[in-house]
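Enquirer: Pasting in a structure now, in structure tokens, and then I'll have a few things to ask.
The values are calculated or read from the model by the stated rules, or taken from the named source; none is laboratory data. The shown structure was predicted, so the numbers you read here are calculated from the model rather than taken from an experiment. Cβ atoms come from the backbone with ideal geometry, glycine included; neighbour counts cover every protein chain shown. Ligands, DNA and RNA are stripped out before the accessible areas are found, and what is left, the full protein with its side chains, is counted by its heavy atoms. Shrake-Rupley method; radii C 1.70, N 1.55, O 1.52, S 1.80 Å.
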Amino acid sequence: MDVNSVLLNTFSADATIRNAAEQQLTSAAETNFSGYLVTLVQELANEEAQGPVRAAAGIALKNAFTAREYARLHDLQEKWLAQADDTKKRVKELTLQALGSVNAQAGQAAAQVIASIAAIELPRNQWLELMPSLVRNVGEGGDHLKQASLTTIGFICESQDPELRASLVQHSNAILTAVVQGARKEEPNPEVRLAAIYALGDSLEFVDSNFKNEGERNYIMQVICEATQAADSRIQQGAFGCLNRIMSLYYELMRFYMEKALFGLTIMGMKSEEEDVAKLAVEFWSTVCEEEIAIEDDNAQVDRTDQIRPIFHFCAVATNEVVPVLLMLLTKQDEDAGDDEYNLSRAAYQCLQLYAQAVGGAVIQPVLSFVEANLRSEDWHHRDAAVSAFGAIMEGPEDKTIEPIVKQALPVIINMMDDKVIHVKDSTAYALGRITEACSEAIDPVVHLPKLIASLFEGLISSPKMAGSCCWALMNLAERFSGEIGCQENPLTPHFNESISRLLQVTERPDADNQLRTAAYEVLNTFVQNAANDSLPAVASLSDVIIKRLEDTIPLQSQVVSVEDKITLEEMQTSLCTVLLAIIQRLEKEIAPQAHRIMGVLLQILTTAGPKSSVPDAVFATVSSLANALEDGFAPFMEHFSPFLYNALGNQEEPALCSMAIGLVSDITRSMGPLCQPYCDTFMNYLLNNLRSTALANQFKPAILQCFGDIAGAIGGHFETYLSVVAQVLQQAAGVQASPDGTYEMFDYVISLREGIMDAWGGIIGAMKSGDKTALLAPYVESVFSLLNVVFIDQNRSDALMRSAMGVIGDLADAFPNGEFSNFYRAEWVTQMIKETRQNREFQARTIDTARWAREQVKRQIGGIQGTQQT
């Protein structure tokens, strides 16, 4: 194998050549791994080789030690550790040698290789001479070696591997010595200083003990503050990045430095001509805001004064200096910037939002002065900044302070929707979205609402750019003015019919793109969900329109010729299904006359939907709402719908659809009751197969167990057929526990699993009782109480789990009224568990009511004197 050619070919633009080269490298690694490593490292260290060849050798070498997938990463690390000491020594020596190469590509590649080996060896207390060696390089080496060594330290420190991060603490002195030495203003080479500043930023978390030493901290802060004044703007950026990180990690140590230097430096930095420098200086104040908001939140939740975190109110002190600069920066909009582009004016907007949350009402005066001075400016940048600033401060000041201001300003802000510049109109729509979300009490239904709704619809129609903001504001209005559940009318009622008509017009516009159409359907959906009873005739009429539009999409399936066509059609069908779902939920049983037509079109869509389509998810959700509305009236549709449901249950390659199908089985069985029995054999087979599957995540299991309970509740005593198999599954699931040092995800999963088990037993116990087959439960009572005891002992509980557990305790007692299992109920922990649940004020009322009912059932079980105990 010609190593040079193969390595160069890994960079080839021709995929065939590139893949062939990568395959040759893989084959060489598998044939003789140690020889492969030595060959690559020799090429990396070869000063005669071309830069791209050395870079490719470094990348291939790094890839021999690291991978994104944990299992493969573990295998590669073990493979390295198994190499002979001579091989490992050779690889490390030559890589360190390459670090000092005059070829920058080789030095950078060597830094990556060293970092990947360090990630394996440092946590195992190996290669202890690495950090001293890198420090020596920074102190004594030439510029190339200094820069590459600092870059290496940065790569090592930026790793997210928890074992490596823990091991770096012992190297904090060495790390700090190197990076501070390179970052000093006395360092003449800007590339070295830049590498040092970035390495310092990456290392700040590991130098905790050094940073808490006042003398060392003063020196570090001096070096960083001096770097904010460097001639090279890249070094300035790195320095402000360090300050952001320091404020996040060491807020409680920053009071002295804020007073002496950071106030002035960061405000000056925000005014920098270099946008990236100014942006990072703005982000410093965003970080200060976030820290102070978090401290206030934490302090509000502690009971003891010794747990209160110190807060210095840096934001409040600096309001009159920082906020005017942020307002000035809002005028630096880039009219060509994309919606997702993060620039200086957007950084300033985010900071102003946070500032309002951090200082509350103190932000109002400087912002209002700016708004009044600029809202009618000839320069659209200033008008845009003014309306944006007003929207930015809606969250933070007290309602009683901000609401009168909003009430007074709202007519003026609404009129800004008529501005001639689209950027101003879009910012106005977003500001109105902020107002409707955070300060909706200030909106008067009579004075403001008619003009507000009209202006938002005009904005929605006028430009797709504004669609998102207008739709957001309209949805907020629909939710804010929905009134009490079941109310006859609400403030939206006078505008409802016109709003529906406008939204339907928007979705039919020939120039409407997918984004606009989807946004309009989202608003339509929200208006339907929040319709008052007086608007239900309009909702019923809307169902005709939506069903007809869905029917009209069926022929379009045969006209799809491109990916864009497919996306457009799927988005339209999904949006229409979502609106139809809302209509069904709002009309409930009144949808029955349309049911045949609805199921007809939904079945056609399922028939024509291609593989990996997102539409079946929306169809299934709509079918679920229809089944809930029709109850046993859904039975006539099951024969034709069940094949699609079975396919989805068995489709483990599309977990989201499979999950939807599991939930749909629960909905349909609950709705149809005994009429679902003919389909239950197939349901149970698929559900049991999914439980055993390794392709589906654990998160599916609680829903499947709950589904067993729903099936049992639907078919009653006929569940006897499945009882022994399901009971065995439930007993196995009950054995799953989280270790004390387990992850939060594992604790949540175990709680969810236990909820599923309890729900399943609840359904099964009720089914056997209704079918006069309670005797069949006898073999399983002990295992049920065993799980209840585990739940009692484990303090990781949820409201839903305890409600289900109380239900099972009561249901079992009710199922065996003659005290056959009274010994279980005499256990003190049962009484204590009910008492703890009944007295937990964080639980919902229905959970507490279920606990009270369970208590009465237990009293009946144990009878006599014990039955009168206070529980």
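Enquirer: For Leu626, work out the one condition from (1) under 25 Å from the mean Cα position of the chain (by Cα); (2) part of a helix (DSSP H, G or I) it doesn't fulfil.
Expert: Answer for Leu626: the failing condition is (1).
Enquirer: For segment 22-58, give me each residue that is over 11 Å from Val6 (Cβ atoms), in a helix (DSSP H, G or I) and open to solvent by less than 30 Å² (accessible area, probe 1.4 Å).
Expert: Scanning segment 22-58 gives Ala29, Phe33, Gly35, Tyr36, Leu37, Val41, Leu44, Gly51, Arg54, Ala55, Gly58.
Enquirer: Also, I was wondering about something else. If I ask for residues that are at pLDDT below 90, open to solvent by 70 Å² or more (accessible area, probe 1.4 Å) and either assigned to a loop (DSSP other than H, G, I, E, B) or within 17 Å of Asp811 (Cα to Cα) (or both), which ones from segment 843-871 would you list?
Expert: Arg860, Ile865, Gln869, Gln870, listed by residue number.
The rows are residues; the columns are (1) out of contact with any Leu (no Cβ under 8 Å at 6 or more places or on another chain); (2) assigned to a helix (DSSP H, G or I).
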| site | (1), (2) |
| --- | --- |
| Val601 | no, yes |
| Ser613 | yes, no |
| Asp632 | no, yes |
| Leu645 | no, yes |
| Ser659 | yes, yes |
| Gly663 | yes, yes |
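Enquirer: Just a yes or no: is a residue in segment 431-444 assigned to a helix (DSSP H, G or I), out of contact with any Gly (no Cβ under 7 Å at 6 or more places or on another chain), closer than 19 Å to Ile393 by Cα and of a type in the set (Asp, Glu)?
Expert: Within segment 431-444, one or more residues are assigned to a helix (DSSP H, G or I), out of contact with any Gly (no Cβ under 7 Å at 6 or more places or on another chain), closer than 19 Å to Ile393 by Cα and of a type in the set (Asp, Glu).
Enquirer: Does any residue of segment 299-308 turn out to be under 26 Å from Ile422 (Cβ atoms), touching a Lys or Arg at 6+ places or on another chain (Cβ under 8 Å) and part of a helix (DSSP H, G or I)? Don't jump to the end; show me each part of the working.
Expert: To start, the set of residues in segment 299-308 that are under 26 Å from Ile422 (Cβ atoms) comprises none.
For segment 299-308, residues under 26 Å from Ile422 (Cβ atoms), touching a Lys or Arg at 6+ places or on another chain (Cβ under 8 Å) and part of a helix (DSSP H, G or I): absent.
Enquirer: With (1) surrounded by fewer than 16 Cβ atoms within 10 Å (Cβ to Cβ); (2) touching a helix residue (DSSP H, G or I) at 6+ places or on another chain (Cβ under 8 Å); (3) at pLDDT 95 or above as the list, and Arg434 as the residue in question, which single condition is left unmet?
Expert: Here Arg434 clears every test but (1).
Enquirer: Give segment 163-176 a look and list any residue that's among the β-branched types (Val, Ile, Thr) and open to solvent by 70 Å² or more (accessible area, probe 1.4 Å), or say none. Step through it out loud before you land on a result.
Expert: Going residue by residue through segment 163-176, those that are among the β-branched types (Val, Ile, Thr) are 169, 175.
Once the filter is applied, which keeps residues that are among the β-branched types (Val, Ile, Thr) and open to solvent by 70 Å² or more (accessible area, probe 1.4 Å), segment 163-176 yields only Val169.
Enquirer: Please verify whether segment 144-156 includes one or more residues that are assigned to a loop (DSSP other than H, G, I, E, B) and either in contact with a Leu (Cβ under 7 Å, 6 or more places away or on another chain) or at pLDDT 90 or above (or both).
Expert: So far as segment 144-156 goes, no, none of its residues is assigned to a loop (DSSP other than H, G, I, E, B) and either in contact with a Leu (Cβ under 7 Å, 6 or more places away or on another chain) or at pLDDT 90 or above (or both).
Enquirer: Moving on. Restricting to segment 9-21, what's the tally of residues that are outside any loop (DSSP other than H, G, I, E, B), surrounded by 18 or more Cβ atoms within 10 Å (Cβ to Cβ) and polar (S, T, N, Q)? It would help to see each step written out before you state the result.
Expert: Within segment 9-21, the first condition is being outside any loop (DSSP other than H, G, I, E, B), and the residues that meet it are 9, 15-21.
This time we only want the ones that are surrounded by 18 or more Cβ atoms within 10 Å (Cβ to Cβ), so: 9, 21.
Restricting the remaining residues to those that are polar (S, T, N, Q) gives 9.
Total satisfying the criteria: 1.
Enquirer: With part of a helix (DSSP H, G or I), open to solvent by 40 Å² or more (accessible area, probe 1.4 Å) and touching a helix residue (DSSP H, G or I) at 6+ places or on another chain (Cβ under 8 Å) as the only criterion, which of Pro366, Pro404 stands out?
Expert: Details: Pro366 fails: open to solvent by 40 Å² or more (accessible area, probe 1.4 Å).
Going through Pro366, Pro404 in turn, just one is part of a helix (DSSP H, G or I), open to solvent by 40 Å² or more (accessible area, probe 1.4 Å) and touching a helix residue (DSSP H, G or I) at 6+ places or on another chain (Cβ under 8 Å): Pro404.
Enquirer: Tally time: how many residues in segment 370-401 are over 20 Å from Cys439 (Cα atoms), surrounded by 21 or more Cβ atoms within 10 Å (Cβ to Cβ) and of a type in the set (Ser, Thr, Tyr)?
Expert: 0
Enquirer: Could you say whether any residue in segment 513-527 is more than 28 Å from the chain's Cα centre (by Cα), surrounded by fewer than 20 Cβ atoms within 10 Å (Cβ to Cβ) and not hydroxyl-bearing (Ser, Thr, Tyr)? Even if it seems obvious, please write down each step before you answer.
Expert: Filtering segment 513-527 down to residues more than 28 Å from the chain's Cα centre (by Cα) leaves none.
No, because not a single residue in segment 513-527 is more than 28 Å from the chain's Cα centre (by Cα), surrounded by fewer than 20 Cβ atoms within 10 Å (Cβ to Cβ) and not hydroxyl-bearing (Ser, Thr, Tyr).
Enquirer: While we're on this one: Suppose we filter segment 645-669 for residues that are more than 14 Å from Ala703 (Cα to Cα) and open to solvent by 30 Å² or more (accessible area, probe 1.4 Å); how many remain?
Expert: Selection size over segment 645-669: 7.
Enquirer: Right, something else. Restricting to segment 437-455, and then to whatever is of a type outside the set (Gly, Ala, Ser) and closer than 17 Å to Ala356 by Cα, can you tell me which residue is surrounded by the fewest Cβ atoms within 10 Å (Cβ to Cβ)? Break it down stepwise before answering.
Expert: To start, the set of residues in segment 437-455 that are of a type outside the set (Gly, Ala, Ser) comprises 437, 439, 441, 443-453.
Subset that is closer than 17 Å to Ala356 by Cα: 437, 439.
Values: Glu437: 18, Cys439: 21.
Applying the filter and picking the extreme gives Glu437.
Enquirer: Here is a further query. What pairs come up if the first residue lies in segment 292-319 and is without any contact (Cβ under 8 Å) to a residue 40 or more places away in the chain, the second is open to solvent by 60 Å² or more (accessible area, probe 1.4 Å) and charged (D, E, K, R), and their beta carbons are under 7 Å apart, counting only those six or more places apart or on different chains?
Expert: Asp298/Arg309; Asn299/Arg309; Ile311/Glu296
Enquirer: In segment 680-699, what count of residues is obtained for those that are within 27 Å of the chain's Cα centre (by Cα), free of Cβ contacts under 8 Å to residues at least 40 places away in the same chain and open to solvent by 70 Å² or more (accessible area, probe 1.4 Å)? Spell out how you get there, then give the answer.
Expert: We begin by selecting, within segment 680-699, every residue within 27 Å of the chain's Cα centre (by Cα); these are 690-691, 693-699.
Still in the list and also free of Cβ contacts under 8 Å to residues at least 40 places away in the same chain: 691, 694.
Retained after the next criterion (residues that are open to solvent by 70 Å² or more (accessible area, probe 1.4 Å)): 694.
Here the count works out to 1.
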